[in-house]
1. Considering only C-alpha atoms, what is the centroid distance from the range 369-411 to the range 53-109, in Å?
2. So what is the orientation-averaged projected area of the range 215-272, using the convex hull of its C-alpha atoms, in nm²?
3. On the protein heavy atoms, probe 1.4 angstrom, tell me the percent of accessible surface of the chain carried by carbon and sulfur.
4. So if the hydrodynamic radius of the range 22-138 is defined as the Kirkwood radius over C-alpha pairs, what does Stokes-Einstein give as its diffusion coefficient at 37 °C and 0.692 mPa s, in µm² per second?
5. Two-decimal Rg/Rh of the range 294-449 from alpha-carbon positions, Kirkwood Rh?
6. Once amide H atoms are placed 1.01 Å from N in the peptide plane, what residues at a sequence separation of 5 or more from Glu163, or on another chain, have their amide H within under 5 Å of its amide H?
7. So how much slack lies between Arg135 and Ser151, counting 0.36 nm per residue of separation and subtracting their Cα-Cα distance, in nm?
8. Rounded to the nearest 0.05, what FRET efficiency do Ala343 and Val75 have when you use their Cβ-Cβ distance and R0 = 41 Å?
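The values are calculated or read from the model by the stated rules, or taken from the named source; none is laboratory data. Remember, it's a predicted structure, so these values are computed and weren't measured experimentally. Glycine gets a Cβ as well: all are built from the backbone with ideal geometry, and neighbour counts include every protein chain shown. Heavy atoms of the whole protein, side chains included, go into the accessibility calculation; ligands, DNA and RNA do not. Shrake-Rupley method; radii C 1.70, N 1.55, O 1.52, S 1.80 Å.
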Amino acid sequence: MEKVRVRFAPSPTGELHIGGARTALFNWLFARNRGGSLVLRVDDTDRQRSSRQYLDSIIESMRWLGLDWDEGPLVGGPFAPYVQSERLPIYRQEAEKLLQKGMAYPCFCTAEALAEQKEKFRRMGQPPRYTGNCRNLSEMERELQKAEGRSYVLRLLTPGDGETIVDDIIRGRVSFENRYIDDFIIIRSDGLPTYNFTSTVDDHKMEITHVIRAEEHLSNTPRQLLIAGRLGYDTPLYAHVPMILAPDHSKLSKRHGATAVSEYREMGILPEALVNYLALLGWSPGDDREIVDIEEMTRLFSLERVSKNPAIYDLKKLTWINGHYLRELHIDKVTAYAVPFLAKSGLISAEPGADEEKRLQTVIDLVRDRVKNLCEVADACNYFFIDHFPYDEQGIKEHFQKEGAGEVLKEIAAALEEVEPFEVENIKSALKQLSKKMGLKMAQVNLPLRLAVTGRTMGPDLFEIIALLGKEKVTERLYRACERFCS
């Protein structure tokens, strides 16, 4: 069986968005499921818009998602270089072959002449296309044009009739009429190759067996097949994955929320959650499960389970999935993810020591059931790290500003000062005894206590909070609340 080789070929003209990340994931899963190789190839022939900063960001986003590659930048491989701007001699050589075969030709048409052609077709109600003005120039005419210093592009000679068939793994048989495919440009006037040309050449040279990419590239496929046919290449199998649409079924854009992987990371989404969510945008594990870890995805993934229908972006589902992973991942991993968010909030140092990290794990484990993302972790546990925090205003009215509230707080503090050792069960027992002694319900003790030590009326287990804060800090906060609000 031929070894599977797939490629992900981002253009470094922007951040890695969720559509690109989903494509990268599907390629990664397919390669891993089939024991094949994933090639990372950089399509940077758009020199004006491409930047090293975007490439670094794309690579960082892929690493954060856990999508490693077998060949490409930082890894190398037998078909290096994997950056298209470093492969220009290869494209020139292949273009020369087409010229020698009479399968391509120089076109000297000016921008003005091409604009007139487009306008003519527009008036006729037809899609604009190149009419082939330079197709039949003699060799002498071409040389004269070059001698005059006229700039030119190279165009591929296309059939003009018949049809080009794409046998797509996901979409089935798709037919394109060749009369709508004009003699398109393969080399621009500045000598740089076009997307369709570089992709076709590189897919062949790098022995790519399957091209898994977004549906928007389906219209490029007949052109790439024509180029491959002219050059005598074997062609890979194609699979075009469905579009990701906004909830209103419009094209997904910034107005619908975050679109770049880096933005989701900043929002406090875990990579495991985003990978899980992306996989379900067009692929099904074969049942109604919405939680599928990467190992299970790899085992179950196949292109036959990818839908041809558009996938609908749903931030609520992603948020729900993220909450699941926050609760279920090992606390060591969740803590490592949370540290930068706590540090950014000024609650801890950027590199906590061993003892601090151990305490962090306990704190985060206590609050993680109640948060939906890592940004919320800092807010959920700030009272463990700072003494001057805001108090719930309604809670102040209900628990601190009624008659006898100060006396209750003082009695709670006195009772807790006697607890030794200061552990959950002993704390709980002491507070139960106090409630009986004062003729109060447990809620009448616990609610003002929680408000005094956390500033909130709701949260994780109160007795675990108190034990973790320690006797000195808890009693200090009780007396402070009494002095501030119960005078």
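1. Each part's Cα centre sits 57 Å from the other's.
2. Working: hull surface 25.1 nm².
For the range 215-272, the mean projected area of the Cα convex hull comes to 6.3 nm².
3. On the way: 11590 of 23950 Å².
Of all accessible area on the chain, carbon and sulfur atoms account for 48 percent.
4. Details: Rh = 18.2 Å.
Using the Kirkwood radius from Cα pairs, D works out to 180 µm²/s.
5. Numbers: Rg = 22.0 Å, Rh = 19.5 Å.
The Rg/Rh ratio comes out at 1.12.
6. Asn178
7. On the way: separation 16, 0.36 × 16 = 5.76 nm, distance 1.57 nm.
Between Arg135 and Ser151, full extension yields 4.2 nm more.
8. 0.85
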